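Novice: What follows is a structure written as structure tokens; I'll ask about it next.
What follows is calculated from the coordinates using simple rules that are stated; it is not laboratory data. As the structure is a prediction and not an experimental result, all values here were calculated from the model. Here Cβ is always computed from backbone atoms with ideal geometry, including for glycine, and neighbour counts include all displayed protein chains.
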């Protein structure tokens, strides 16, 4: 008799912990052909708000970490993801209905995205900042800084690669995020949370919600303690309403993209603020 | 006559050759507007200066069409070097006509001539000169090879630095290869119209810059025009928020430079004399009509009394009066409406328990005036500590530790600027790291330079003006290229939804 498998309970990832939805709700996740895979937690407004609280609490520590340190943490995520390559490939193949080879390529790409962004942690300030030659006896330096808490609607297709491609550019600078995973294929997001939990990513830096983006995104878009909104995966939602709602507190907004956003410095800089410091030079 | 008194030394308005009436500047010509014309007055005397045309929605259509035509046929075909040469010409013409522009600005806005002459107009020339040089060097702006212009830029500017804000908007837009429709503020259209004459002298191709005078509805029609690719707005956070909503889903690239409630932090190891000068410059420069004004003085508790005493002594020496007089430190409040708002908030400050002190100075009979005022012992919850007053009113709060100063400084939805006064460089840098503000002045305040990016965090807006960063607001990045937008039909519904 073959061994009976031990299936996993998929929960949310908030503040470095794995709670169930406070609402007690779950929804069924199925393979592309409709077979039962798991019950995923269906996050509520309260879960979203809890995630924002956790993300806000994590800002000071993560922003205060050195770029070298953040780079190593992001690289560590790539290392652990590599170690669980087969698990992710299997999970993606079954939930997205693609071949194991195609799923493996997606995992490869996701790992490489982490490595690419990891290298930016201690460089983006050099490239996006500037020393400014002002006309007067002043030292004048512009440096980009993380904007704070970023709420993200992850791409709905390519569940792991899409997710990683929106989280990494936001957190590499020191932002913390609340991300709503792909609705139909949320399992690899929660498995990624297991990687994050063991990769020295401080609790609260990346918070992952599963459930209905249409239900959760409006609460994040209107939340006054969220600084920025990435609507990458919101193409099929009423995203203009989300953008309008975000304008109440003048959040920085990125509009939906088709497919998976390509790695770019622009995505990093989009969620930074340029701070310019003038300092007098004495007359000698 | 004591040593503080000076004989009047007014700059003569005879240098100006103003027309009785000004039209809209569209497609290189002054044309009639189709809205009801309005008068621009001098806020220091309430005297009529000129009759100004008022652009209605139809005029906005014509101006945007002219800008689009100029973009398609002329401006986008010119080399960067030639665009740069036009901007250099403009910079030179501004320098040549500097005195005239300064007098016109002080007359129309109410700011002291020493500020318009020594700050506003020289910076206008500097801004055009700086961005002129970028026009053929965009490959080096850090936005990839040959970054593309956006198209037609709609720009709406405020009344506090009328010509300077025009320069901040037009110079980078043209350098990047865009064409412009700009609306100056209703109360300060004069220097923008003189600038239109400068553009004619510079032989800038028709339609590259169009200037529409009018009020809020003209501005709304302009930013919501479907054929505009870029919107740049400087003004109140309330209007900025409305623009962010009405442009949502349109794919228009938006930069906003909005309100502020800056903390000016004075530590007990600061050079006190310099700090007092800096506090005065921070809040009384331009009658406090400055979005980045240091309107909240955070002073360390043990030097609180000394600083406030010295401040009162210094303020008692400021001369308030005729903006055209070279001795004037404090000019007129820009409009009756603004004066009413300053009075209202000041009365609220008093009612909420803060200690009010006002410099003892004679107030001219006509015009709009508000004497320099300090509120001491202001609580963090008071409206004068939270809301932008946009006038010569300083709120004083105290702190004990750097951590408390930082937390009080950041306790605002705004994040435009901040000041730090201390002789200890390491302390300044550590505090600057923690402040959520786009511009931080250490042992100085209210410094501006075309090479230095300016703009806010949080509800002070987004995007930067000035420096290399200022170009990004007018060029396509990879994100703009992939931005989503809704179809035009849907956009009209959206505009209706948020503007009703």
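Novice: Suppose we keep just the DSSP beta bridges with both residues in chain B; what percent of those would be antiparallel, to 5?
Specialist: 30
Novice: Quick one: helix B:80-96 against the long Cα principal axis of chain B, what's the angle to the nearest 10°, folded into 0 to 90?
Specialist: 50
Novice: Quick check: residue separation of residue B:95 and residue B:17 times 0.36 nm, minus the Cα distance between them. What number comes out in nm?
Specialist: My answer for the length gained is 26.4 nm.
Novice: If you count, for each residue, the other Cβ atoms within 10 Å and average over each peptide, how do B:309-319, B:121-131, A:7-17 line up from highest to lowest?
Specialist: Order by mean packing, descending: B:121-131, A:7-17, B:309-319.
Novice: For A:222, A:21, B:452, B:146, what's the fewest-to-most ordering of other Cβ within 10 Å of each Cβ?
Specialist: Ascending Cβ contact count within 10 Å gives the list B:146, A:222, A:21, B:452.
Novice: Using a Förster radius of 41 Å, what is the FRET efficiency between residue B:377 and residue A:241 based on their Cβ-Cβ separation? Nearest 0.05, please.
Specialist: That gives a FRET efficiency of 0.35.
Novice: Go ahead and estimate [θ] at 222 nm for chain A from helices alone: -39,500 (n - 2.57) per DSSP H run with n ≥ 4, summed, over the residue count, rounded to 500.
Specialist: That calculation yields -13500 deg cm²/dmol at 222 nm.
Novice: Using Cβ counts within 10 Å as a stand-in for footprinting exposure, how do B:304, B:289, B:48 rank, fewest first?
Specialist: B:48, B:304, B:289
Novice: Would you mind giving the mean number of other chain beta-carbons within 10 Å of the Cβ of each residue in A:263-270, as a whole number? Walk me through the intermediate numbers first.
Specialist: On the way: counts 0, 5, 5, 9, 3, 0, 5, 2.
For peptide A:263-270, the averaged partner shielding equals 4.
Novice: Here's a follow-up. Across peptide A:123-135, what mean number of C-beta atoms from other chains lies inside 10 Å of a residue's C-beta?
Specialist: Mean partner shielding for this stretch: 4.
Novice: Could I ask something else about it? Going from the alpha-carbon gyration tensor of the protein assembly as shown, what semi-axes, largest first and in whole Å, does one get by taking the root of 5 times each eigenvalue?
Specialist: Details: eigenvalues 471, 192, 100 Å².
Ellipsoid semi-axes (Å, largest first): 49, 31, 22.
Novice: From the C-alpha coordinates alone, can you work out the Kirkwood hydrodynamic radius of segment B:226-305, in Å?
Specialist: Values: mean 1/r = 0.0663 Å⁻¹.
Every distinct Cα pair counted, the radius reaches 15.1 Å.
Novice: In cubic angstrom, how much convex hull volume per residue do the alpha carbon atoms of segment A:11-280 span? Before the final figure, lay out each step's value.
Specialist: Working: hull volume 32.0 nm³, N = 270.
Given the Cα convex hull of segment A:11-280, per-residue volume reads 119 Å³.
Novice: Which order do the peptides B:68-76, B:157-165 come out in when sorted by mean C-beta neighbours inside 10 angstrom, highest first?
Specialist: B:157-165, B:68-76
Novice: If you fit an axis through the alpha-carbon atoms of helix B:304-315 and take the longest principal axis of the Cα set of chain B, what angle between them do you get, 0 to 90°, nearest 10?
Specialist: Long axis of B:304-315 versus the principal axis of chain B: about 60 degrees.
Novice: Gain in length, residue B:403 to residue B:427, computed as 0.36 nm per residue apart minus the alpha-carbon separation, to one decimal in nm?
Specialist: 7.5 nm
Novice: Tally the DSSP beta bridges in segment A:11-280 and give the antiparallel ones as a percent, rounded to 5. Walk me through the intermediate numbers first.
Specialist: Details: 18 of 33 bridges.
Bridges in segment A:11-280 that DSSP calls antiparallel: roughly 55 percent.
Novice: Then there is this: Given the Cα-Cα distance of residue A:214 and residue A:122 and 0.36 nm per residue of separation, how much length would full extension add, in nm?
Specialist: Extra length from residue A:214 to residue A:122 when fully extended: 29.5 nm.
Novice: At what distance in nm do the modelled label points of residue B:32 and residue A:86 sit from each other, each positioned 7 Å from its Cα along Cα→Cβ?
Specialist: 8.5
Novice: Rounding to the nearest 10 and keeping the result within 0 to 90°, find how far the Cα-based axis of helix B:57-73 lies from the longest principal axis of chain B.
Specialist: Roughly 70 degrees between the two axes.
Novice: Which shape class, rounded, prolate or oblate, goes with segment B:114-177 when its Cα gyration tensor gives a ≥ b ≥ c as root eigenvalues, a/c under 1.5 marks rounded, and past that a/b bigger than b/c marks prolate?
Specialist: oblate
Novice: Evaluate E = 1/(1 + (r/R0)^6) for residue B:215 and residue B:344, where r is the Cβ-Cβ distance and R0 equals 22 Å; express this FRET efficiency to the nearest 0.05. It would help to have the intermediate numbers written out before the result.
Specialist: Values: r = 21 Å, r/R0 = 0.98.
So the FRET efficiency works out to roughly 0.55.
Novice: So for each of B:170-183, A:57-70 I average, over its residues, the number of other beta carbons within 10 Å; can you give me the resulting order with the highest mean first?
Specialist: B:170-183, A:57-70
Novice: At a 10 Å Cβ-Cβ cut-off, how would you order A:125, B:299, A:73, fewest neighbours first?
Specialist: Neighbour counts put them in this order, fewest first: A:125, A:73, B:299.
Novice: Considering Cα pairs under 8 angstrom that are at least six residues apart, work out the relative contact order of chain B and quote it in whole percent.
Specialist: Relative CO of chain B lands at 18 percent.
Novice: Same structure, new question: How many Cβ atoms of partner chains, on average, are near each residue of B:244-251 if near means within 10 Å of its Cβ?
Specialist: 5
Novice: Tell me, what is the percent relative contact order of segment A:11-280, built from C-alpha pairs under 8 Å that lie six or more residues apart?
Specialist: 26
Novice: With contacts defined as alpha carbon pairs under 8 Å and 6 or more residues apart, what's the relative contact order of segment B:118-179 in percent?
Specialist: Relative contact order, segment B:118-179: 49 percent.
Novice: How much of the DSSP beta bridge set in the protein assembly as shown is antiparallel, as a percent to the nearest 5?
Specialist: Taking every DSSP beta bridge with both residues in the protein assembly as shown, the antiparallel ones total about 35 percent.
Novice: How far apart, in nm, are the 7 Å Cα→Cβ label points at residue B:46 and residue A:33?
Specialist: The modelled label-to-label distance comes out at 8.6 nm.
Novice: Same structure again: If you take the C-alpha gyration tensor of chain B, multiply each eigenvalue by 5 and take the square root, what semi-axes do you get, largest first, in whole Å?
Specialist: Whole-Å semi-axes of the equivalent ellipsoid: 37, 27, 21.
Novice: At 222 nm, what value in deg cm²/dmol follows for chain B if DSSP H runs of at least 4 each add -39500 (n - 2.57) and the sum is divided by all its residues, to the nearest 500? The partial results should precede the final answer.
Specialist: Values: 17 runs with 190 residues, N = 500.
Rounded to the nearest 500, the figure is -11500 deg cm²/dmol.
Novice: At what distance in nm do the modelled label points of residue A:8 and residue B:362 sit from each other, each positioned 7 Å from its Cα along Cα→Cβ?
Specialist: 8.3
Novice: Shape of segment A:146-284 from its Cα gyration tensor (a ≥ b ≥ c, root eigenvalues): rounded if a/c is under 1.5, otherwise prolate when a/b > b/c, or oblate? Could you put the intermediate results ahead of the total?
Specialist: Values: a/c = 2.10, a/b = 1.51, b/c = 1.39.
Note, shape of segment A:146-284 comes out prolate.
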